[in-house]
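Remarks on the structure that follows.
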Amino acid sequence: MMHIHRLEKIWLTFGMAMLAVFLLILGLSAFTMGMDTPNSGHDHSVHAAKLSETPPFDHPAITQIGDREYEAVMTAWAFGYSPDQDQLVVPAGSTVHFSVTSSDVVHGFEIPGTNVNMMVLPGEVNHVSHKFDEPGEYLILCNEYCGIGHQAMFTKLIVT
Amino acid sequence: MNPTFDRKDGRLVLAHLLFAYVALLLGGVCGMLQSMVKSGSITLPANIGYYELLTAHGVLMALVFTTFFIIGFLYSGISRTLGGSLTGVSRSLGWIGFTLMAAGTVLGVIMILLNKATVLYTFYAPLKASPWFYIALVLLVVGSWLSGYGIFAQYRTWRKANTGKLSPLLAFMAVVTMLLWQIATLGVAATVLLQFIPWSFGWVETINVLLSRTLFWYFGHPLVYFWLMPAYMCWYVIVPKIIGGKIYSDALARLAFILLLLFSIPVGFHHQLMEPGIAPFWKFLQVVLTFMVIVPSLITAFSLFATFELNGRARGATGLFGWLKKLPWKDVRFFAPFMGMLVFIPAGAGGIINASNQMNAVVHNTLWVTGHFHLTVATSVALTFFGIGYWLIPVVTGRRLTKRLNNLGIIQVVTWCIGMLFMSGSMHITGLFGDPRRTDYTTYNDSPESILWMPYHVAMAVGGIILFISLIVLLAAVVGLLLAPRGVEEYPIGEVIDTAEKTPKLFERWGLWIGVSAALILIAYTIPLADMITGGTGSPGYKFW
Ligand code: HEM
Ligand SMILES: [Cu+2]
Ligand SMILES: [Cu+2]
């Protein structure tokens, strides 16, 4: 096999060892500490064109499911989100589990300043959870181009 | 070797380069306008939409400028190193490829300007453009395939005439790059031919969105290596000659290219980390494969700096960094690609962050990502290409890079770096605050977050204007080169250091590498793809613009 210069061997060995350690940490934190990418299952579950007759997306809403724990069932559409902004209110310290799907094209779902950031595809449901400690108005915006009104596609979550 | 470049081949190369520069200039106009719109400095005249501009910019820059320049450069390399001129077959294939790609570009740009294809360069379904836009993409891709066959044909002819000999490094690299391209474009060809075209003509009602995205990104990541590998060719083979040094190791260079081929394709999921419908295991597997490209990157960094240092020491440099002083800083043929290499260090580090599985949530679809690829492709790769153009145009036209043109080139490179520092720098910072990419001017009803982003958008616009000035300087330099005094300019091709070890024959066992590549692709994609094909629901098309 090829001969490799000694210094280069040290450089490559060190580099690859660091890489292995890094990937191990990344993998462990993803799979054992719940820091995973969004949507841990894969469902192919909904029919985008029939959302209005598919529970729970026929009635997008935010509901309390435990002590300071909420489930937000939401739909994204060109160019906005359901339910209406006046319903998106939770008390500080709440954890919100978002389930989002699209009734038309691909959209984004991002809350700047948090790690909430995921793609919303028609036909698929994406999930992400976040604990809102600080009271305030949280901007929820679409970060995937979806048409002429893309820059106007946003809503707000109010943490009281 | 004959000092003059084959005239007929020269015309083919020049056609590609000039087409690329025109695309770059038009794309640059769009880019500057985008940055001004985003900062709220201007509003576009009634008929032009921001997203129309952005589609044109993405297509002209990422697909047209790069592909034309690369194919022109690769053809120059094989003409030069594989026999001194192209065979009739290769040259014809080159011209047919050029014609198809040019036709595709013109058709695509017309569709975009008519506002019939405002779907951005990634054309994500179920936004539905005119079928002619997708046909334009087919022409572009099929043209590039034919050009690739021309390169393979030239290589085969040379191998037959030189049995048992090691192929020239530059030609080997050109073949690997084109091989990567052939394998990678299968994904985009599949989605366009089997999904988008039947659907956009109305022959089928719906499209499987997740499948189309996955096939796109199967292509989309190796696409960036298709841009990068020609830049590496310059760094490995051309730059050592320009600085008067030698190539550190032929074998390591080939190893790096083979590793890039293997590990840049089965990794598209790192663009879909935030997406539903793909199990986390498969995402993570592809993340691990993604990180394997760090190995050839480490090899490259080592080899390049070894070349610089050994060369400097041979010229009497002392101390840890004395060799830096021995580099030809005032030679644009060196300065441009060297700045490209330098920028690639932070750019690569940014890429590692993007691909880090769950960490992607921090930056996904924010301007950070846009900032990232304006460092990688629009600086590292683009500067290297500019550097190549400064000697390649004179080489193929039989003219000389004069001192004045060289200095103009240096100014162009410096302004490009300054412009990018402003534009890409502020994109990175504001992206970390969550500022979304691909978005027209907006403050989300005066939301406080987005008001804070605006100063960065202003800095982006300043950068955009400086970049455009750099393009004007480039235009002047290219025109200058076309009118430069006749003469002979060197095609710089480095030689390998005498003490380097022999290159193993293994590297040219193409069947083996294609086999390994196919196996990795099958491992990474079979199960998730099968799942998407059987499980997905279809979407009708939408025209929301
Ligand atoms: C004059 C120099 C340039 C300027 C001023 C410029 C400016 C911009 C701006 C402002 C955006 C982002 C807009 C947004 O996300 O809303 C953008 C996107 C982009 N640029 Fe550039 N750019 C330049 C050169 C380049 C070059 C040389 C390349 C590649 C070779 C390139 C490739 C891209 C791509 C692929 C996008 C993404 C398009 C999309 O999101 O669909 N740019 N550019
Ligand atoms: Cu949107
Ligand atoms: Cu990638």
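Each reported figure results from applying straightforward, stated rules to the coordinates on display, with no laboratory input. Predicted model, so just to flag it, every value in this text is computed and none were measured. Glycine also receives a Cβ, built like all others from the backbone with ideal geometry; neighbour counts cover every protein chain displayed.
A compact table of results
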{"item": "Euclidean distance between Cα centres, the stretch B:250-316 to the stretch B:501-545, Å", "result": "17 Å"}
{"item": "Average silhouette area of the stretch B:332-493, convex hull of alpha-carbon atoms, in square nanometres", "result": "10.4 nm²"}
{"item": "Shielding of A:136-144 by partner chains, average beta-carbon count, 10 Å", "result": "5"}
{"item": "Separation of alpha-carbon centers, the stretch B:26-70 and the stretch A:67-115, rounded to whole Å", "result": "32 Å"}
{"item": "Length added when fully stretched, residue B:433-residue B:454, from 0.36 nm per residue minus Cα-Cα", "result": "6.4 nm"}
{"item": "Ranked list, fewest to most other Cβ atoms within 10 Å of each Cβ, for B:397, B:384", "result": "B:397, B:384"}
{"item": "Antiparallel bridge percentage (DSSP; both residues within the protein assembly as shown; nearest 5)", "result": "70 percent"}
{"item": "Given charges at beta-carbon only (K, R positive; D, E negative), |dipole| of the protein assembly as shown in Debye", "result": "3880 debye"}
{"item": "Signed unit charges on C-beta, dipole axis of the stretch B:1-165, positive-most listed residue B:111, B:123, B:138", "result": "B:138"}
{"item": "FRET E, pair residue A:67, residue A:45, Förster distance 30 Å, beta-carbon r, rounded to 0.05", "result": "0.60"}
{"item": "Average silhouette area of chain B, convex hull of alpha-carbon atoms, in square nanometres", "result": "24.9 nm²"}
{"item": "Gyration tensor verdict on the stretch B:309-418 (Cα atoms; rounded if a/c is under 1.5, prolate if a/b is larger than b/c, oblate otherwise)", "result": "oblate"}
{"item": "Proxy reagent accessibility, fewest Cβ within 10 Å first, across B:486, B:11, B:438", "result": "B:486, B:11, B:438"}
{"item": "Pairwise label distance in nanometres, residue B:157 with residue A:54, each label 7 Å out on the Cα-Cβ vector", "result": "5.6 nm"}
{"item": "Alpha-carbon centroids, the stretch B:351-410 and the stretch B:95-133: separation in whole Å", "result": "24 Å"}
{"item": "Per-residue mean of C-beta atoms belonging to partner chains within 10 Å, peptide B:361-368", "result": "5"}
{"item": "Highest-first arrangement of B:452-463, B:247-258, where packing means the average Cβ count within 10 Å", "result": "B:247-258, B:452-463"}
{"item": "Charge dipole of the stretch B:332-493 about the Cα centre (unit charges at C-beta), most positive-ward option of B:456, B:349, B:416", "result": "B:416"}
{"item": "Most to least packed among B:318-327, A:141-150 [average Cβ atoms within 10 Å]", "result": "A:141-150, B:318-327"}
{"item": "Helix-only mean residue ellipticity at 222 nm for chain B, each DSSP H run of n ≥ 4 adding -39500 (n - 2.57), per residue, nearest 500", "result": "-22500 deg cm²/dmol"}
